[in-house]
1. At a 1.4 Å probe radius, which order do A:ARG157, A:ARG192, B:ARG58, A:ARG98 fall into by accessible area, largest first?
2. Roughly how many whole Å is it from the C-alpha centroid of the range B:54-73 to that of the range B:152-224?
3. How big is D for chain B, in µm² s⁻¹ as a whole number, if Stokes-Einstein is applied with the Kirkwood radius of its Cα pairs at 4 °C and 1.567 mPa s?
4. How well do other chains shield peptide B:213-225, expressed as the mean number of their Cβ atoms within 10 Å of each residue Cβ?
5. Please report the accessible area of A:HIS219 (heavy atoms, 1.4 Å probe, ligands and nucleic acids excluded) in Å², nearest 10.
6. Rounded to two decimal places and with Rh computed the Kirkwood way over Cα pairs, what is Rg over Rh for the range B:83-233?
7. Sorted by accessible area (1.4 Å probe), largest first, how do A:THR64, A:THR136 line up?
8. In the protein assembly as shown, how does Rg compare with the Kirkwood Rh, expressed as the Rg/Rh ratio over alpha carbon atoms?
Amino acid sequence: MNPEQQTTPVIEVENLSFRFDGGPPVLEDVNLEIIAGDFASVIGPNGGGKTTLVKLIVGLLTPTAGKVRVFGQSPVKARPRIGYMPQHAMMDPRFPVRAIDVVLMGRLGSGRRFGSYSRADREAAADALAKVSLETVGARPFSDLSGGQRQRVLLARALVTDPEMLLLDEPAAGLDQKVEQDFFELLQELNRQLTIILVTHDLGFVAGFVRTVICVHGHVDIHPTSTLDGRAISEIYGGEVRMVRHDHRMDH
Amino acid sequence: MEFFNAVLEFEFLQHALVAGALAGIACGVVGSYVVVRRITYIAGAIAHCVLAGLGIGRWLQVVHGWPVTPAQGAVVAAVAAALVIGIVSLRVREREDTIIGAVWAIGMAIGILFIAVTPGYHEDLMSYLFGNILLIGSGDLWIMAALDALVLVLALGLYPQLEAVCFDEEFARLRGLNVEAYVLVLLVLTALTVVLLVSVVGIVLVIALLTLPAAIAGHFTTTLRGMMALASLLAIAFTTGGLAVSYAPDLPAGATTIVIAGAAYLLVLVLRRIIAGMRSR
């Protein structure tokens, strides 16, 4: 990674607070900076605001206070540069669609108007499937694929958008250990070209892969992976909200 | 056989067959969207609002002498209902089922009131509710063909966007698609298809014809496109079958069509169960 990349912030969050209409605050006074080329993991207990933070970053939600900048732009403007992979549990498993059709959806954009996908779209989708080693399953129904294959298809759909950053929400949910390991190895390889932000509740496993850990539990703390110990983790998950040291960013 | 000879002899049966085919094509295409996006009940509410349009249209025509027809009233009411449900549910998501139920019943009630205050044959009410495909004239066919063409051009021309919005709305939004606009387009397409189907099977039975062919097709196809093609063929087969079976014993064609479609769906479910059971043994 070149030195310039290391210092360019791709995400800047300043004094951000968020609450749903009239509800209690989900996130309070969050400050966060993620630099280009990082492999960051967003962790925290369920209901702690992980997905909310992600949705604020891509502009699906609007902050109650504070601001979010992505690539120095507003989240909505920066969206086309983000490859987003949602939790696959959100989709109807019986939807009649083949793997390649799912990847093609990544080629849609505001510029498209009328008619079907072009040859260039189809070629790009096939390339993206090859990148996740699934070139042979393009014609198979999405619903027939294994959990691990589906996650790779959704990753290919995010990659076909030609993103500068990947944002993955619980990509390993429901996968077995071996499949999960393969998936993270693939991400590690992609991290050579892309900034990756990964939401997970499975902290133990990602620790070996990621450089930065962002803890979300109402407040947000950032740790370099190397400083994360049992005490910090119990503070995150113990329900008690206390500030964890987050002034440090160690070199790797 | 009797039916076959009758088709050659009677123009009204030829019209009915063409009407069934025209409605069947739109039904298969839009019905597939309705099934995968799970908006069957929105389609039901829109269908019941058609009664308001038919009632108001005929009231204006008969009582006030306006140059409108019940069919035009039906199109306006269906599209208006689609837009109301769409806009309100996009704004206040959590109340969607309440809105659907309210629009469903209010549409129906308005229709009944206007039919009651309009002098004339109240048997019309029965044909609105349960359809009378045998009353379709050649002028109606041209209107149906135009509606059909409009529905197909939009539903197929916007296929990539509509497919993406139905599959994963959030991702579509992040790709920069105007999801709200596409949802409204889909609801308007549903409304126009409902109007086409009302003349074939009537308001009460529309949901079944809209969803059963697509539900059956979903068991045999791996793409939304394939589901649409097969569902269209099935819908045409059901309307044709409904006419053929009902003709000799003089049964209502709309109800016969729906019973055939329902029987086919049940048969598919049972056969799949048996096949799955045999495989697992």
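1. A:ARG192, A:ARG98, B:ARG58, A:ARG157
2. Measuring centre to centre over Cα atoms gives 29 Å.
3. 67 µm²/s
4. Across the residues of B:213-225, the mean count of other-chain Cβ atoms within 10 Å is 3.
5. Counting only protein heavy atoms, the figure is 60 Å².
6. Rg divided by Rh gives 1.00.
7. So the residues, ranked largest to smallest area, are A:THR136, A:THR64.
8. Using only Cα positions, Rg/Rh for the protein assembly as shown is 1.07.
The values are calculated or read from the model by the stated rules, or taken from the named source; none is laboratory data. None of the values given here were measured: they were computed from a predicted structure. Using ideal geometry, Cβ is built from the backbone for each residue, glycine included, and neighbour counts are taken over all protein chains shown. With ligands, DNA and RNA removed, areas are computed over all heavy atoms of the protein, side chains included. Shrake-Rupley method; radii C 1.70, N 1.55, O 1.52, S 1.80 Å.
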